Amino acid sequence: MNMPDMPTCLIAEDDIRIIVRRLGAEIGASYRDCPQQLVVVGLLKGAFIFMADLVRQLELPLAVDFLGVSSYGDGTTSSGDIRLTMDLATDIAGRDVLLVEDIVDTGITIAAVRRLLECRRPRSLRVCALLSKPDCRRVDVQVDFIGKEIDDVFVVGYGLDYAENFRHLPFIGTIFNTNKLPGKV
Ligand code: IMP
């Protein structure tokens, strides 16, 4: 098996820290008068590292839960076929919910998850995404808090993967030669 090239750094660790701190301040300010405990829902697997850092920036009463969705298989383009791989343990009816996503690309995943959660009648539902690729949007979705907009490039690291590779990298990088990656079929 070929070894993959190391991704080229796009957003360094220190810059991620600054972005997450800013998002924490924005979210904190907007839920300051929230009368009840916020439910922060992370989308697995990509948001697991971002979620862990983000909640530590939030000085609010909050609960955490996770929703598992998969949409990409081993490729780098959205299949549009969203599968629920793990459901919430929390009943979100009447609750204030913040959905935490790693990256919004076509918008198909977040639109589908929004529809799913809205059926459960939360009191409010907002979305926070670390990254957004506005040029790739195929459906119009509302993203209330965005860490950084990026161009149409495939990124890995800080929870984001290519075929389950690179999630553990502390920075966000781009990969160009996907043919050399382990897991490529
Ligand atoms: P969307 O449905 O096209 O918006 O895609 C959203 C999901 O696809 C994200 O939750 C990621 O898991 C994955 N994704 C989209 N773009 C990238 C990328 O550049 N790198 C890694 N995963 C991505």
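The values are calculated or read from the model by the stated rules, or taken from the named source; none is laboratory data. Remember, predicted model here, so these are calculated numbers, not experimental data. Cβ placement follows ideal geometry from the backbone for every residue including glycine, while neighbour counts extend to all protein chains displayed. SASA here: full protein model, heavy atoms, side chains in, ligands and nucleic acids out. Shrake-Rupley method; radii C 1.70, N 1.55, O 1.52, S 1.80 Å.
For this structure, a couple of remarks:
- Accessible surface area normalised per residue over segment 1-154 is 52 Å², counting heavy atoms of protein chains with a 1.4 Å rolling probe.
- Normalised by residue count, segment 28-166 yields a Cα convex hull volume of 103 Å³ per residue.
- Taking the DSSP beta bridges with both ends in the chain, the antiparallel portion is around 30 percent.
- Amide H contacts of F171 (H built 1.01 Å from N, under 5 Å, at least 5 apart or other chain): Y158
- Look at the alpha carbon pairs under 8 Å that are at least 6 residues apart: their mean separation over the length of the chain gives a relative contact order of 27 percent.
- Heavy-atom surface analysis with a 1.4 Å probe gives the chain a carbon and sulfur content of 50 percent of its accessible area.
- Segment 92-184, relative contact order [Cα under 8 Å, separation at least 6], %: 23 percent
- Summary of the geometry: segment 112-130 and segment 40-73, compared by the centres of their Cα atoms, lie 13 Å apart.
- Using the Cβ-Cβ distance between L116 and E164 with R0 set to 25 Å, the FRET efficiency works out to roughly 0.55.
- Cα shape, segment 85-157, gyration tensor, a/c 1.5 rule: prolate
- Full extension of the chain between D151 and T174 yields a length gain of 7.2 nm, computed as 0.36 nm times the residue separation minus the alpha carbon distance.
- Estimated purely from DSSP H runs of n ≥ 4, each contributing -39500 (n - 2.57), the mean residue ellipticity at 222 nm for the chain is -6500 deg cm²/dmol once divided by its residues.
- FRET efficiency for D144 and D14, using Cβ-Cβ distance with R0 set to 35 Å, rounded to 0.05: 0.90
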